[in-house]
Amino acid sequence: MGNALRLIAAGAAAGVLVGAIALPAVGGAGLTVKSATEELRLEAEDLKEPPLSEKTTLLDKNGKQIAQFYYENRESVTLDKIADVMKTAIVAIEDNRFYEHGALDVEGTFRAAMKNLAGGGVVQGGSSITQQYVKLVLVSSAETKEEQAAAQAPTFSRKLKELRYALALEEKYTKSEILEKYLNISYFGAGAHGIQAASKRFFDKPASELTLWEAATLAGAVQNPSVTDPSTGKAARERLLARRNLVLDQMLKYGKITAQEAAEAKAKKLGFKNIPVPGGCDESPYPYFCLYAQHEILNNEDFGKTPEARKKFLQRGGLTIKTTLDPQAQKASEKAIKTYVKTTDKPVAAQAMVVPGTGAIRAMAASRKFGQNKKKNEMSYNLAADVEHGGGAGFQAGSTFKPFTLLTALDQGMKLNDGFSTGSGYRAPSEGAFRNCKGERVGEPSHEVRNSSEGGGGFKTLTTGTLGSVNTFFMKLEEEVGLCETVKMAKSLGIKRADGKPLKEFETFTLGINEMDPVTVAAAYATIGARGTYCKPMAITEIVDRYGKATSYKPKCKEVLDEEVADAAAHIMSGVFTKGTMTEVGGIGRPAAGKTGTTDAYTAAWFAGFTPDMASAVSLGDPRGAFEHDLVGVTIGGRYYSYVYGASISGRIWKDSMIGALKGVPATEFTPVNHERFGGCSAGRCAPPPKKEPRGDGGDDNGGDGGDDGGNGGDDGGDDNGGFDFDSPPGWGEENDGGSPIVP
């Protein structure tokens, strides 16, 4: 039927349309003609059809789903992906003359009017599938409750407007296209929008595989899904079963199925499987990584100008997001953490793994389950990340910051064996010995930073001072190379506080007074593993929109260090497993380097390390407040610890997880240090003539109580200038000049 003929037919039916709406008002149904003189004006009017809300799927690096986000659980499909019996069933019950009439079914509308008049109310609707689609579009695109109410108002003007839109749609699309749109927009109950989501939710199968009785069930659900929602209880399921059988009766009536087929289908039980449709990060098997990826979108203006726009983009955009998560590395991290820390422990272990040279985050895990239930000891924020990515305030990083001072020294031309003598305590030689990057004086000469014992002095080189993690040595080294220069070096490697506040630039910066998160520390150490190339941590590699358009996201990297400086630092730090604070724990069977970190008064314990293939950082602390709840005299993982050091738990988690994460990955060697450039020592910085060093009587790296310029230590309320490190257990002596520890 052409447009002119359809307009004539619609015009001729105007009286019927008015009657269909007005007559129920007599019976008290509340439908009214807004104005008796309202112009009928039946010209076709274009309908704006915004994209339907589609769920977004999060995939790991191998393409396996790890999470999904949705405002409405919907997966739009083309008509060829819907079983023919489903199309037949929906037409039979909703608009059996769908393929014969235009925008308005005159016969159906008149028949409905007569039944409504006889029943004294709304007994039967007369809207065609096209008109129903129009109504659903208007409701779906409504932004406010008022707009939603207007889209469903029982008025003549609304019905007339629907008809105008329907006329345009009938000219714009084929009947098959309209049916496809209708099946994708319709709500079926149980949180399922569209036929594909409904088929999976109800029967655990795609819409293409629906059988007769299943199709009849879903066709029956669209009329009043809130009343027949099978997930709400027995009564609703019984109503849905009755509707299913009515659909089968209609299909039999119109000759679409045989009597035997109808009888066999009616004999079937409802069959509602109530398949869960998890949504959000709390339902993901990897909630902490999921949170990071989610916040990457919510905080990035590339995905929307406002937070609300970005949220809508994520929940309704129908995106497929491919991430960097590696299931092998993730499982290795989770297993290692579970080995040493229980979910019920008050202290929490958290870990992140990052690939050097790309910044790809391969794993993110924590010892506690993610959730809102505090009674179950669940955590409601991302323990492995910063505030920007859904995390908390973090923990002071302790001696994991010492490599930034080491890098600064190497970058300024110092050699592996350059050093100086230090005592058991350190005081700034003058009030202006340390200046922050604003040029302000910090620290006081009256304040003393100490090692763990009254002894522990002697000559230390870049190598032996690092392996022993000697606080007084690193205070002297920072004095030599400059506080601001050390801060700038750390920043160039991506170091920033977990809480987003400016870094605290005090003289004890090198001792790790700033609160950090594992992702940031792992990315900084990955820079050394990548020979000086810093890459911003990344969780998303590709986003495919609902139309199949793919946008790839490349690593954001820049060279921040001389390659040979990074090589020299890696050379020194690789000794931590054989001659340093991880000697008792040992290495991972391939070239690796790292640094322990235990903070002032044992408030937190870290280990961060790297290979050329993977970097990782592990933190351990009590989220109730690290300074109020330290790691002294605690039971963690079922084991009692008098003191928790960087190697005690964090180092072991790092070792086990890295072995598992890199299983099957060929080992990559570090680039050898350039001995012509860094070998030996500089004039005036060489070790004095050898002499026998007295046996050590305490830990080698346990610094003093820090300075007094920092006030309280952020959210944990500690001393900002504390941060001295207790990386070695009691009895670990200072190292001698030859680099071998002396153990009493």
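The values are calculated or read from the model by the stated rules, or taken from the named source; none is laboratory data. Quick caveat: nothing in here was measured; it's all calculated off a predicted structure. Quick reminder, even Gly has a Cβ in these numbers, built from the backbone with ideal geometry, and neighbours come from all protein chains shown. These area figures cover heavy atoms from the full protein model, side chains too; ligands, DNA and RNA do not enter into them. Shrake-Rupley method; radii C 1.70, N 1.55, O 1.52, S 1.80 Å.
For (1) hydroxyl-bearing (Ser, Thr, Tyr); (2) modelled with pLDDT of 95 or more; (3) surrounded by 17 or more Cβ atoms within 10 Å (Cβ to Cβ), each residue gets a yes or a no:
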site: TYR641; (1), (2), (3): yes, no, yes
site: VAL644; (1), (2), (3): no, no, yes
site: SER650; (1), (2), (3): yes, yes, yes
site: LYS655; (1), (2), (3): no, yes, yes
site: LYS663; (1), (2), (3): no, yes, no
site: GLU669; (1), (2), (3): no, yes, no
site: ASN674; (1), (2), (3): no, yes, no
site: ASN702; (1), (2), (3): no, no, yes
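Checked against the criterion of being surrounded by fewer than 24 Cβ atoms within 10 Å (Cβ to Cβ) and of a type in the set (D, E, K, R), the candidates LYS402, LYS369 yield just one match: LYS369. Taken together, the residues in the stretch 509-524 that are within 16 Å of GLN396 (Cα to Cα), under 25 Å from the mean Cα position of the chain (by Cα) and not in a loop (DSSP other than H, G, I, E, B) amount to 8. Note on the stretch 220-236: residues that are surrounded by 24 or more Cβ atoms within 10 Å (Cβ to Cβ) and either within 18 Å of VAL277 (Cβ to Cβ) or under 37 Å from the mean Cα position of the chain (by Cα) (or both) total 3.
For residues that are in a loop (DSSP other than H, G, I, E, B) and of a type in the set (A, V, I, L, M, F, W, C), scanning just the stretch 261-290, find the one that is farthest from LEU325 (Cα to Cα). So the residue we want is ALA267.
Counting only strands (runs of 3 or more DSSP E) that fall entirely inside the stretch 322-437 and contain at least 2 residues that are of a type in the set (A, V, I, L, M, F, W, C), the qualifying elements are 348-354, 361-366. Pairing residues of the stretch 340-353 that are in contact (Cβ under 8 Å) with a residue 12 or more places away in the chain with residues that are open to solvent by 50 Å² or more (accessible area, probe 1.4 Å) and assigned to a loop (DSSP other than H, G, I, E, B), at Cβ distances under 8 Å and at least 6 apart in sequence or on separate chains, gives LYS342/GLY638; THR343/LYS369; LYS346/ARG624; LYS346/HIS629; PRO347/HIS629.
Among all positions in the stretch 568-590, there is no residue which is assigned to a loop (DSSP other than H, G, I, E, B) and within 15 Å of LEU493 (Cα to Cα).
The set of residues from the stretch 593-638 being part of a strand (DSSP E or B), in contact (Cβ under 8 Å) with a residue 24 or more places away in the chain and over 25 Å from ALA667 (Cα atoms) comprises GLY597, THR598, ALA604, ALA605, SER619, LEU620, GLY621, VAL632, VAL634, THR635, ILE636. The set of residues in the stretch 41-71 being of a type in the set (Asp, Glu), closer than 30 Å to GLY189 by Cβ and open to solvent by 30 Å² or more (accessible area, probe 1.4 Å) consists of GLU49 alone.
Taking the criterion of being surrounded by 20 or more Cβ atoms within 10 Å (Cβ to Cβ), in contact with a Gly (Cβ under 6 Å, 6 or more places away or on another chain) and of a type in the set (Asp, Glu), would at least one residue in the stretch 165-184 satisfy it? So far as the stretch 165-184 goes, yes, one or more of its residues are surrounded by 20 or more Cβ atoms within 10 Å (Cβ to Cβ), in contact with a Gly (Cβ under 6 Å, 6 or more places away or on another chain) and of a type in the set (Asp, Glu). Contact annotation: no residue pair with Cβ atoms under 7 Å, 6 or more positions apart or on different chains, pairs a residue in the stretch 137-155 that is free of Cβ contacts under 8 Å to residues at least 12 places away in the same chain and under 12 Å from LYS48 (Cβ atoms) with a partner that is loosely packed, with under 14 Cβ neighbours inside 10 Å and of a type in the set (Phe, Trp, Tyr). Annotation: SER469 fulfils all but one of (1) at pLDDT below 95; (2) in a helix (DSSP H, G or I); (3) hydroxyl-bearing (Ser, Thr, Tyr); the unmet one is (2). With respect to (1) modelled with pLDDT of 95 or more; (2) farther than 29 Å from GLN196 by Cβ, the lone exception for LYS268 is condition (2). Of the candidates ALA363, ALA385, the single residue that is open to solvent by less than 10 Å² (accessible area, probe 1.4 Å) and touching an Asp or Glu at 6+ places or on another chain (Cβ under 6 Å) is ALA385.
Residue count for the stretch 478-503, restricted to those that are assigned to a helix (DSSP H, G or I) and among the basic types (Lys, Arg): 2. Residues in the stretch 277-325 that are among the polar types (S, T, N, Q), out of contact with any Asp or Glu (no Cβ under 7 Å at 6 or more places or on another chain) and surrounded by fewer than 17 Cβ atoms within 10 Å (Cβ to Cβ): ASN300, THR306. Entry remark, the stretch 535-566: residues being open to solvent by less than 10 Å² (accessible area, probe 1.4 Å) and in a helix (DSSP H, G or I) number 2 in total. Taken over the stretch 253-271, the residue count meeting the criterion of being closer than 28 Å to TYR133 by Cα and open to solvent by 70 Å² or more (accessible area, probe 1.4 Å) is 3.
Flag set for GLU100, criterion: at pLDDT 75 or above, open to solvent by 30 Å² or more (accessible area, probe 1.4 Å) and more than 46 Å from the chain's Cα centre (by Cα).
With the condition kept exactly as written, say whether any residue in the stretch 614-625 is at positive phi and in contact with a helix residue (DSSP H, G or I) (Cβ under 6 Å, 6 or more places away or on another chain). Yes, there is a match, as at least one residue in the stretch 614-625 is at positive phi and in contact with a helix residue (DSSP H, G or I) (Cβ under 6 Å, 6 or more places away or on another chain). If the condition is being within 30 Å of CYS535 (Cα to Cα) and of a type in the set (A, V, I, L, M), then the stretch 627-658 contributes ALA647, ILE649, ILE653, MET658. In summary, THR486 fulfils each of the numbered conditions (1) crowded, with 18+ Cβ neighbours inside 10 Å; (2) closer than 29 Å to LEU620 by Cα; (3) at pLDDT below 95 with the single exception of condition (3). Each residue in the stretch 416-465 was checked for being closer than 25 Å to PRO502 by Cα, at pLDDT 80 or above and crowded, with 23+ Cβ neighbours inside 10 Å, and 3 pass.
Considering (1) under 29 Å from ASN674 (Cα atoms); (2) open to solvent by 40 Å² or more (accessible area, probe 1.4 Å), the lone condition that THR611 does not fulfil carries the number (2).
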